[in-house]
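Worksheet: the structure to be examined is printed underneath.
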Amino acid sequence: MKANPTDVLTGIYYIDGDVAAGYGALAAGCKLVAGYPITPSTEAFEAMCRKGPQVGTVFIQMEDEFGSISAVLGAVWSGVKSMTITSGPGYSLMMESIGFGAMLETPFVLLNIQRGGPSTGVPTKTGQADMMQSRWGSHGDYELIAISPDSPQEMFDYTIKAFNLAEKYRCPVMIMSDECVGHMTEKVVIPEADKIEIEPRRFYKGPPEEYLPFSPDPDLVPKIAKAGDGLGLYITGRVHDERGYPVKNEEFKAKYVRRLVDKIRLNKDKIIELKEESTDDADVVVVSYGISSRVAVKGVEIARQKGIKVGALRLVTVWPFPDEKIIDLAKKVKAFVVPEINYGQIVFDVARCCHGQANVVLIPHGGAGVHNPLDISDAIESAAKEDKKIEGVVEFKTRLEKIVFERGLKLKE
Amino acid sequence: MAEIRFAGYGGQGIIRSGIIVGRAASIYDDKFSTMSQSFGPEARGGACSSQLVVSESKVLYPYLTAAGILVAMSQAGYDKFEPELSEKGLLLYDEDLVKPKASRGNITPFAIPATRFAEQLGKKIVANVVILGFFTAITKVVTYESMKKAIPDSVPEKAIDLNLKAFERGYNFGLEVLKKQKEPQ
């Protein structure tokens, strides 16, 4: 299905990533945005307030983040596409309802413009330390999808993709962006509506009396209905059967939660998008996502000028994690280098898939800035020279870390 | 590649300046440009700045590594960002608002009474566009033609004429300064 022309603000813009994500949501057909504005995601709200009315999209400023995400879930069950936007502490407050959304198989999008944490952290500066939270933040077993864009153009493109994935797999989709990309202003091209593919909602169209809201199609995803259409709808956060009625026996728990997890795991090949470059004969592969993957290219270029065989694997989709790709590369390469703006999150998933076959080096960054490309090239160089197999994750000492340590900031011995 | 810092105080259109030049470069000159701005209390009345990277290829590192050009519209902005200006950099400043220190390295200073010109044109608020005209003539990071297209895209419709006049004023002043420099002393 093509995008609705009235939703698409076709043109060439010079806008920041937040605004581009807002325009992407409009193009995807998002009709309700509920949120509680928080730095550094506020520009996305502003874009919605300015342009939303032109395309019939409603923005509600809710009383808090609990209200925001709940309004989004409600809007989806009333039949529209919906999104919430947040950052930092706001994201933490939304955790319970992300699980609720996953349990109800509610297709919605959450845009998280990550900022420096923990707690209030550094509200106006960048971070990538919510990555594990995005995967494991709500209680219980569930799977969702997370995407990490690296430019305002990608904020537009991948917000549309996020909506499409949410509809296709009926699950929450996180856009795990960050302050640097959110506040970065660049050229953004918004094409004509007929160039934009939109995934329609999987509405049930059969006889009303036969409708079972949680009876899956062969791809494990059930058809959805909207409240008020006359179909029998009972939705609950409790483990439920195909009718949506609560059940508490072991067998149903196994059956229902298994499917919730498997509908993502077994469709991984179709969901995951990676950008792989020169990994074929590489000694070292840099694995990164979001803004760090963009800065990493600079580091890779510098390392290549020194004659090091280095490839790059960019995780456009961070969750579900591309286990098979890492397992496969681990057999061929000497080491993985993982720059991320945190003290180690995705690097542990890389290590998990390595099975000790390749060394794994983390280039940490505490946030409020992005990596120095020279740190990335140095880490690549030392990983290429290392002949010993090293167990666990090795931490590369960055220039910044060295300064901090020279000033004597260390634990008492 | 050009790495540019615009510095001034909130309300002078410092961030808008970065947007106008960035837009001219990436939309009309077909280059790549990335603009990042300062946030927080400093962007709301105090010292304020934006940084712009203009390149022939995709900008990978979004921030400045060594500023080649500093456009200073306030003393505080100058004091804060002068140290990051590279030794061969260009310094453009409003001569009524900034008193530069003794020049270091091979930094070339270019002065313009941008705010005074803007007042003569009728509105102080266009001082940033006056200095953008000056910037265009001196640095040649963006073309005159592209700036003439980017300005109307970036200001309210009723202010387009005034802004274009302000741009011309700064641009012509820049050409005069360059001409004088070339004349034998």
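The values are calculated or read from the model by the stated rules, or taken from the named source; none is laboratory data. Treat the numbers as computed from the prediction; the structure is a model and nothing was measured. Cβ sites come from the backbone with ideal geometry, for glycine too, and all protein chains shown count toward neighbours. Surface accessibility is based on the protein's heavy atoms, side chains included, excluding ligands, DNA and RNA. Shrake-Rupley method; radii C 1.70, N 1.55, O 1.52, S 1.80 Å.
I need the calculated FRET efficiency for the pair A:LYS268 and B:ALA66, taking r as the beta carbon distance and R₀ as 45 Å, to the nearest 0.05.
Approximately 0.55, to the nearest 0.05.
Out of the total accessible area of chain A (probe 1.4 Å, heavy atoms of protein only), what percent is carbon and sulfur? Numbers along the way, then the final one.
Numbers: 8950 of 16690 Å².
The C+S portion of the solvent-accessible surface of chain A is 54 percent.
How many lysine pairs does segment A:5-195 hold where the Cα atoms are under 24 Å apart and the two sit 8 or more places apart or on different chains?
Taking the Cα cut-off of 24 Å, the pair count is 17.
What aspartates and glutamates could a cross-link reach from A:LYS226, if we take a straight Cα to Cα line under 19 Å and drop same-chain neighbours fewer than 8 places away?
A:GLU105, A:GLU167, A:GLU199, A:GLU209, A:GLU210, A:ASP217, A:ASP241, A:GLU242
Could you pull out every one of the lysines with an alpha carbon less than 29 Å from that of A:LYS332, ignoring same-chain neighbours closer than 8 positions?
Partners found: A:LYS268, A:LYS270, A:LYS275, A:LYS298, A:LYS306, A:LYS309, A:LYS385, A:LYS388, A:LYS389, A:LYS397.
Give the distance, in whole Å, between the Cα centre of segment A:70-141 and the Cα centre of segment A:243-322.
Using only Cα atoms to place each centre, the spacing works out to 19 Å.
Once the piece of chain linking A:ASP219 and A:ARG50 is laid out straight, how much longer is it, given 0.36 nm per residue of separation minus the C-alpha distance between them? Spell out each step's value before the answer.
Numbers: separation 169, 0.36 × 169 = 60.84 nm, distance 3.89 nm.
Once the chain is fully extended between A:ASP219 and A:ARG50, it gains 57.0 nm.
Going 7 Å from the Cα of B:SER57 in the Cα-to-Cβ direction, what parts of segment A:377-409 have a backbone nitrogen less than 18 Å from that spot?
Backbone N within reach: A:377-378.
Would you list, by chain and number, the lysines whose Cα falls below 21 Å from the Cα of B:LYS180, excluding same-chain residues fewer than 8 positions away?
B:LYS88, B:LYS140
Calculate the tail of P(r) for segment A:5-195: the fraction of all Cα-Cα distances greater than 25 Å, expressed in %. Display every interim value, and only then the final one.
Values: 4341 of 18145 pairs.
Distances greater than 25 Å cover 24 percent of the Cα pairs.
Report Rg/Rh for the protein assembly as shown, rounded to two decimals, where Rg is the Cα radius of gyration and Rh the Kirkwood radius. If you can, show how the numbers build up before the last one.
Numbers: Rg = 26.2 Å, Rh = 25.8 Å.
On the Cα set of the protein assembly as shown, Rg over Rh gives 1.01.
Sorted from largest down, what three extents in whole angstroms do the Cα atoms of segment B:2-182 have along their principal axes?
42, 39, 35
Taking a ≥ b ≥ c as the square roots of the eigenvalues of the Cα gyration tensor of segment A:274-406, is the shape rounded (a/c under 1.5), prolate (a/b larger than b/c) or oblate? If you can, show how the numbers build up before the last one.
Working: a/c = 1.32, a/b = 1.23, b/c = 1.07.
Here segment A:274-406 falls in the rounded category.
Would any residue of segment B:112-149 have its amide N under 17 Å from a label point 7 Å out along Cα→Cβ of B:LEU175? List them or say none.
B:130-149
Placing +1 on the Cβ of each Lys and Arg and -1 on the Cβ of each Asp and Glu in segment A:7-124, which of A:LEU9, A:ILE60, A:THR124 has its Cα farthest towards the positive end of the resulting dipole?
Checked the options; the winner is A:LEU9.
Among A:GLY307, A:THR279, A:ILE376, whose Cα lies farthest out toward the positive end of the dipole of segment A:274-406, if unit charges sit on the beta carbon of Lys, Arg (+1) and Asp, Glu (-1)?
A:GLY307
Run through segment A:226-285 and list the chymotrypsin sites (Phe, Trp or Tyr not before Pro) located in a DSSP loop whose Cβ has at most 14 other Cβ atoms within 10 Å. Write out the running numbers ahead of the final one.
Details: sites: A:TYR234, A:PHE252, A:TYR256; in loops: A:TYR234.
Sites meeting the loop and neighbour criteria: A:TYR234.
A:LYS2 to A:VAL189: FRET efficiency via 1/(1 + (r/R0)^6), r the Cβ-Cβ distance, R0 25 Å, to the nearest 0.05? Display every interim value, and only then the final one.
Details: r = 17 Å, r/R0 = 0.69.
Rounded to the nearest 0.05, the efficiency is 0.90.
What does the extension gain come out to for A:ASP387 and A:GLN61, with contour length at 0.36 nm per residue minus their alpha carbon separation? List each step's numbers first, then the result.
Working: separation 326, 0.36 × 326 = 117.36 nm, distance 5.61 nm.
Separation in residues times 0.36 nm, less the Cα-Cα distance, equals 111.7 nm.
Can you show me the helix-derived [θ] at 222 nm for chain A, built from DSSP H runs with n ≥ 4 at -39,500 (n - 2.57) apiece and divided by the number of residues, rounded to the nearest 500. If you can, show how the numbers build up before the last one.
Details: 15 runs with 156 residues, N = 413.
When only DSSP H runs of four or more count, the value is -11000 deg cm²/dmol.
Once the piece of chain linking A:ARG407 and A:ALA227 is laid out straight, how much longer is it, given 0.36 nm per residue of separation minus the C-alpha distance between them?
Details: separation 180, 0.36 × 180 = 64.80 nm, distance 6.11 nm.
The span from A:ARG407 to A:ALA227 would gain 58.7 nm if fully extended.
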